[in-house]
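One structure is given here, and the rest of the page talks about it.
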Amino acid sequence: MSSEPLVVVEGLRKVYRSGPKEVVALREVSFEAYPGELVAIRGRSGSGKTTLLNQIGGLDRPDAGRVVVAGQEVTSLPEEALLALRRDVVGFVFQSFGLIPVLSAAENVGVPMRLARTPVEEREKRVRMLLSLVGLEQHLNQRPYELSGGQRQRVAIARSLANRPRLLVADEPTGQLDSQTGRQIMQLIRALVRSEGVTALVATHDQSLISLADRVLEISDGVLREAALQES
């Protein structure tokens, strides 16, 4: 594991306002994550997990503090640079899969490479490799509705790796899956962290998956702390 962190979070604070009410989603959150590390972020629904991941991935901006990813200060980047960061450096996996229904599995995986204008031959070769990596080499031409929930999430993970990101951000990636399939997906993410050398931040409240992480951070009412890693 590299001695230099890929992700540096310092003093993040985020407040949501609704009329006179204020909800503090993040309270001076700080931590680091390293290349080749799978970090689980544990917490109940509404604890601040998604808010934190959105700040790190450049989908939202904090009220205070900063985020640095791969040497770039995300919190100060202009919108065009943020788009490039999300395209080239950060891969996203969401609970809802986010696949395009009319496209095949292969076409869905190829979308980020189309946006990056990857040559066709190189794109098709990487699509096949990624779908093989997640065990779906026999399902290239199937559309999302023809796949199980676990298979759709595997396609989403393959798509997130299309442009060789250095950071994988997964927000409750097993939330719509049964426990056995969810564990398989978490094991897949862990294997990909090892084989692709990426850093993975995975938000989950599923206690059975925590033991698969290298490190666990727990968030409660916007406060983040290091948590004990329990073996299953």
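When you go through Arg225, Arg183, Arg152, Arg159 one by one, which is the residue that is part of a helix (DSSP H, G or I) and without any contact (Cβ under 8 Å) to a residue 40 or more places away in the chain?
On inspection, the qualifying residue turns out to be Arg183.
If you go through region 91-108, how many residues are under 27 Å from Gly197 (Cα atoms), touching a Leu at 6+ places or on another chain (Cβ under 7 Å) and without any contact (Cβ under 8 Å) to a residue 60 or more places away in the chain?
Going through region 91-108 one residue at a time, the tally reaches 3.
What pairs come out if I take residues in region 115-135 that are on the phi > 0 side of the Ramachandran plot and pair them with residues that are assigned to a helix (DSSP H, G or I) whose C-beta lies under 9 Å away, six or more apart or interchain?
Every condition considered, the pairs that remain are Gly135/Gln151; Gly135/Arg154; Gly135/Leu188.
Restricting to region 22-51, give me the number of residues that are among the basic types (Lys, Arg) and surrounded by fewer than 20 Cβ atoms within 10 Å (Cβ to Cβ).
So the answer is 2.
This table checks each residue for (1) surrounded by 17 or more Cβ atoms within 10 Å (Cβ to Cβ); (2) within 15 Å of Leu130 (Cα to Cα).
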| residue | (1), (2) |
| --- | --- |
| Ala162 | yes, yes |
| Ala170 | yes, no |
| Gly175 | no, no |
| Ile185 | yes, yes |
| Val202 | yes, no |
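Considering only residues that are among the hydrophobic types (A, V, I, L, M, F, W, C) and without any contact (Cβ under 8 Å) to a residue 60 or more places away in the chain, look in region 1-29 and name the one that is farthest from Ala200 (Cα to Cα).
Val23
Might you check whether a residue that is surrounded by 21 or more Cβ atoms within 10 Å (Cβ to Cβ) and at pLDDT 95 or above occurs anywhere in region 146-153?
no
The values are calculated or read from the model by the stated rules, or taken from the named source; none is laboratory data. Computed from a prediction, not measured in an experiment: that's the story for all the values here. Neighbour counts are summed over all protein chains in view; Cβ atoms, including those assigned to glycine, are modelled from backbone coordinates with ideal geometry.
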